[in-house]
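Report on the following structure.
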Amino acid sequence: MLSRVEPMSAETAAAITWWYDLGALAGDLVLAARGEQGRIWRLQTSRGSWAVKELLFPVEEAQAARDVEFQLAARSAGIPLPMPRRTRDGQVVLPADRAAAARAIRVYQWADLAPDQVVTPAEVGAVTASLHLLEREAEPGPVEAWFSEPLGESAWADLLDDARRGGAPWEAALGRWLPDLIALDGAVSPPDPARTMTCHRDINIENIRCSADGGVVVLDWENCGPAEPARELATVICDLATELSPDAAQAGYAAYLASEGPERLDSVGDFAMAAAAQGHLLQFYSRRALDAGESAENKTRSAKRLHDMLSQPLTLAWAGYLLDLIGSQAALLYRRQHCYFVVVLPAASV
C-alpha cells in the first residue's frame with residue numbers, strides 16, 4: 001500500500017502536459033507506485049495515459065539523455081518498454097521550476113501491467129539475453145563505485161556499530177553475516193574496460209513485469225550505464241535465487257543460454273558487481289533507516305529491504321553454490337543440444 005503523499009497540483013499537471021506536448025489535460029495526477037528513485041504518477045490526457053516520474057534524487061540531463069538513447073536502441077531491437085518522452089525543447093528531464101513541482105520530472109508512455117502476476121525466470125533470462133545481444137557502444141566510460149568497488153572492512157565495521165548504537169532490529173543478522181560480507185569484498189575486482197558496455201544494471205522481477213496485453217515489459221532504465229555484461233548476468237542469477245529460489249536461478253540461466261545469450265559464468269569473480277552493489281545498498285538502507293530526519297515511509301521501506309537482504313545475502317559460499325548449480329544446468333543443456341550417436345556397422349563378410 002502506498003503511503004499518503006501530498007497530491008500534485010493542477011498547475012503541475014498542466015505544466016507537465018504542456019512541456020511534454022501530451023495533448024489536452026483530462027484529469028488530475030494520480031499516485032500509482034513508488035520506487036527507490038522516484039514516485040510514479042498517472043496522468044490522463046487526450047492522447048492517452050502517461051507515467052510521470054517524480055525524481056527523488058537529482059539526475060543530470062546528460063545522464064538521462066544517455067539512458068534514453070539506450071532505451072530507444074533496445075526498443076528498436078524488439079525489447080518491449082514504455083516509450084520515453086522528451087520536452088518541446090528536446091530535454092528528457094523537466095526541472096522542478098518548470099514543472100511547478102518540488103522535484104524534477106520525467107515522462108513515459110503508461111504501461112498497463114497484469115496485476116498480481118510475476119514474470120517467469122525463463123522470461124527474465126530471455127530478456128537478459130536480448131539486452132546482451134544489442135549492438136552498442138563498447139567502453140562507454142568508467143564504472144561507478146556503486147557497481148565496481150567493495151565497501152571495505154572499516155565501512156562494514158562502521159555499519160555494524162551504527163546498527164548497535166541505534167538498536168536496529170537487523171543488527172544481529174548483520175553481525176552474523178559480517179565476516180562473510182567482508183570476505184566477499186575480496187572477490188570484487190575492477191571491471192575490464194575492454195569488456196565494459198552499456199547495460200541496464202537493474203534487471204529483476206520488479207523491473208521486468210507482465211504486460212496486461214500479454215508478454216513482458218521492461219521498466220526502470222534510469223540505472224543503466226557501464227558494466228561487464230557477464231557481471232550483470234551474475235547479478236540477475238543472484239537476484240532470481242534470492243527473490244524466488246535457486247531453481248529459478250537455474251531456469252533463468254538455462255533460458256539465457258537457450259536464447260543465445262553471449263556471456264558465461266565460470267568464476268566467483270563474475271559476481272563482483274553483485275557484491276559491490278549489495279554492500280552499497282546495505283549501507284544506503286542502514287543509513288536511511290537510522291536517520292531521524294528521514295520520512296516514516298523511507299525508514300519503513302529501508303528496514304524491510306535490510307531484513308530481506310540479510311535473510312540470504314550474497315557470500316562466497318552462496319556464489320560458489322550458484323556456480324555449481326548453473327554449471328550443471330549448462331552441461332545438461334549442452335548434452336541435449338549436442339547428442340552424439342554411435343552407429344555399429346555390421347561386420348564385413350569374409
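What follows draws every value from the coordinates through simple rules; no lab data is involved. Keep in mind that this is a model prediction, so the values were computed, not measured. Glycine gets a Cβ as well: all are built from the backbone with ideal geometry, and neighbour counts include every protein chain shown.
Assign unit charges at the C-beta atoms only (+1 for Lys and Arg, -1 for Asp and Glu), then state the dipole size of region 121-335 relative to its Cα centre in Debye, rounded to the nearest 20.
Around 460 debye, computed over region 121-335.
Can you give the FRET efficiency for residue 89 and residue 307, using 1/(1 + (r/R0)^6), R0 = 51 Å, r = Cβ-Cβ distance, to the nearest 0.05?
0.70
Considering the convex hull of the alpha carbon atoms of the chain, report its projected area averaged over all viewing directions, in nm², one decimal. Walk me through the intermediate numbers first.
Values: hull surface 92.3 nm².
Mean orientational projected area (the chain, Cα hull): 23.1 nm².
Would you be so kind as to identify all helices of the chain, as entire DSSP H runs, whose Cα atoms reach 15 Å or more along the helix's own axis and whose mean Kyte-Doolittle hydropathy is at least 0.0? Please report the intermediate quantities before stating the final value.
Details: long enough: 61-76 (22 Å, -0.47); 121-132 (17 Å, 0.62); 153-165 (18 Å, -0.90); 171-184 (19 Å, 0.76); 229-243 (21 Å, 0.41); 246-258 (18 Å, 0.23); 272-290 (27 Å, 0.27); 296-309 (20 Å, -1.62); 316-337 (31 Å, 0.45).
Span-like helices, by this rule, are 121-132, 171-184, 229-243, 246-258, 272-290, 316-337.
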*Starting from the Cα of residue 206, step 7 Å along the direction of its Cβ; do the same at residue 149; then give the gap between the two resulting points in nm.*
2.4 nm
*Using a Förster distance of 22 angstrom, determine the FRET efficiency expected from the C-beta separation of residue 292 and residue 165, and round it to 0.05.*
0.95
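Report Rg(Cα)/(2.2 N^0.38 Å) for region 184-310, keeping two decimals. Please list the in-between numbers first.
Values: Rg = 16.0 Å, N = 127, 2.2 N^0.38 = 13.9 Å.
So region 184-310 has a normalised radius of gyration of 1.16.
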*Which residue, chosen from 178, 200, 265, occupies the Cα position most advanced towards the positive end of the dipole of the chain, where the dipole is computed from +1 (Lys, Arg) and -1 (Asp, Glu) charges on Cβ about the Cα centre?*
200
